[in-house]
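Below you'll find the structure, written out as structure tokens, and then a few comments.
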Amino acid sequence: MINKNNERVLGEFVTRRSGNSLSLTVPADAGIPEGKKYVLVVTGDDTLEYRAIHSNPWLDGTYSDINFRAELADTGNYGLEKPIGKQQTD
């Protein structure tokens, strides 16, 4: 079900006790990857809003499998190359 604000209703869920906390289930068909971080906001009308935290790919491990030294050796560092031919303006 999609309403006029382009929001999808995925179902109705009940909070469950988990230790000293309450939890809400996120269904798999929501398309949210495991480990995604959210911030919980309570609005003035007591509505709970989970907002995705937009992370920094340099810090969150997104680029952890890239060997930047090898990439630099393969492609060169264009900002530090010596000028050749008419490019030199000294």
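Annotations
- Scanning the range 30-47 for residues that are surrounded by 10 or more Cβ atoms within 10 Å (Cβ to Cβ), out of contact with any Phe, Trp or Tyr (no Cβ under 7 Å at 6 or more places or on another chain) and in a strand (DSSP E or B) yields one hit, 41.
- Figure legend. Inter-residue proximity from the range 9-35: first residues closer than 13 Å to residue 48 by Cβ, second residues part of a loop (DSSP other than H, G, I, E, B) and hydroxyl-bearing (Ser, Thr, Tyr), beta-carbon distance below 6 Å, spacing 6+ or different chains. Indicated pairs: 13/25; 22/15; 24/15.
- Within the range 48-81, restricting attention to residues that are assigned to a strand (DSSP E or B) and open to solvent by 100 Å² or more (accessible area, probe 1.4 Å), the residue that is nearest to residue 14 (Cα to Cα) is 50.
- Residue count for the range 1-23 under the criterion of being at pLDDT 90 or above, open to solvent by 100 Å² or more (accessible area, probe 1.4 Å) and in a strand (DSSP E or B): the result is 3.
- Restricting attention to the range 39-71, the residues that are over 19 Å from residue 26 (Cβ atoms) and within 17 Å of the chain's Cα centre (by Cα) add up to 10.
- Checklist (1) touching a Leu at 6+ places or on another chain (Cβ under 6 Å); (2) at pLDDT below 80 applied to residue 84, failing item: (1)
The values are calculated or read from the model by the stated rules, or taken from the named source; none is laboratory data. Please read these numbers as outputs of a predicted model, since none were measured by experiment. Backbone-built Cβ (ideal geometry, glycine too); neighbour counts: all protein chains shown. Note: accessible area is taken over every heavy atom of the protein model, side chains too, but ligands, DNA and RNA are not part of it. Shrake-Rupley method; radii C 1.70, N 1.55, O 1.52, S 1.80 Å.
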